[in-house]
Amino acid sequence: MTGFLIFLGVIVALVLYVVVIYNRLVKLRNYFKNAFSQIDVQLKRRYDLIPNLVETAKAYLKHERGTLEAVTEARAGAMAAHERASRDPGDAGAMQGLLGAEGLLAGALGKLNIAIEAYPDLKADQNMRQLSEELTSTENKVGFSRQAFNDAVMTYNMQRESFPDMLFAASFGFKPAQLYEIESIEERKAVKVSFD
């Protein structure tokens with residue numbers, strides 16, 4: 001009888017330990033999903049600012065229609081990729097799609113900035129200046145949100161890959177999470193919007 005109680009005690013302790021591992025992984029997964037929601041807020045803000053920036057610039061940049069269309073198309077692509085990634089921030093494929101779309105948007109915004117630099121009247125426009133400041137502020141917030149997300153993903157992935165959690169993580173459906181990494185050198189450059 002004593003042997004049975006010891007065996008039962010070991011089984012109960014093991015089950016409780018597995019429950020602790022499961023709950024810890026759930027908590028860490030929720031942290032990185034919450035961190036992605038902070039990126040989500042800032043990206044939506046940026047997507048909302050871009051049409052205003054394009055509309056303000058249209059009057060001045062009549063000869064730059066291709067640039068304005070590229071920004072609009074890149075924004076639409078980034079919004080679609082963002083929607084897919086928002087549904088499951090842990091999905092590596094969706095995150096890669098978002099990173100690629102964000103890279104295209106950053107490049108299009110960079111070209112728009114070059115076009116804006118060629119028009120001194122546009123740089124002096126008060127609406128353009130205000131939108132530029134808001135976009136710059138939003139870009140900074142996106143950067144901070146990316147860092148918080150990557151920190152949360154790193155903590156989750158490290159716990160998921162640590163012993164003994166790694167023994168149970170896959171069987172409980174805890175997949176590795178994808179970092180929000182900038183892929184190309186062009187994407188690493190900050191979007192420069194200057195009206196001085």
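The values are calculated or read from the model by the stated rules, or taken from the named source; none is laboratory data. Here the structure is a predicted model, which means the values were calculated and not measured. Every residue, glycine as well, gets a Cβ built from its backbone with ideal geometry; the counts of neighbours run over all protein chains shown.
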Inset, instruction - Answer yes or no as to whether VAL54 is within 30 Å of PHE144 (Cβ to Cβ), among the β-branched types (Val, Ile, Thr) and modelled with pLDDT of 90 or more. - result: no
Inset, instruction - Filter region 16-48 for residues that are surrounded by fewer than 19 Cβ atoms within 10 Å (Cβ to Cβ), within 23 Å of PHE144 (Cβ to Cβ) and of a type in the set (A, V, I, L, M, F, W, C) and give the result. - result: VAL41
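Surrounded by fewer than 19 Cβ atoms within 10 Å (Cβ to Cβ) and modelled with pLDDT of 90 or more: which single residue out of GLU186, GLU133, GLU161 fits that description? Lay out the reasoning, then the answer.
On the way: GLU186 fails: modelled with pLDDT of 90 or more; GLU133 fails: modelled with pLDDT of 90 or more.
Result of the check over GLU186, GLU133, GLU161: GLU161.
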Legend entry - Wholly within region 57-145, helices (runs of 4 or more DSSP H) carrying at least 1 residues that are small (Gly, Ala, Ser), within 13 Å of ARG46 (Cα to Cα) and in contact (Cβ under 8 Å) with a residue 60 or more places away in the chain: 92-117
Inset, instruction - Please name all residue pairs, on different chains or six or more residues apart, with Cβ atoms under 8 Å, provided the first residue is in region 28-47 and is over 21 Å from ALA108 (Cα atoms) and the second residue is β-branched (Val, Ile, Thr) and at pLDDT 90 or above. - result: LEU28/THR155; TYR31/THR155; PHE32/VAL153; PHE32/THR155; ALA35/VAL153
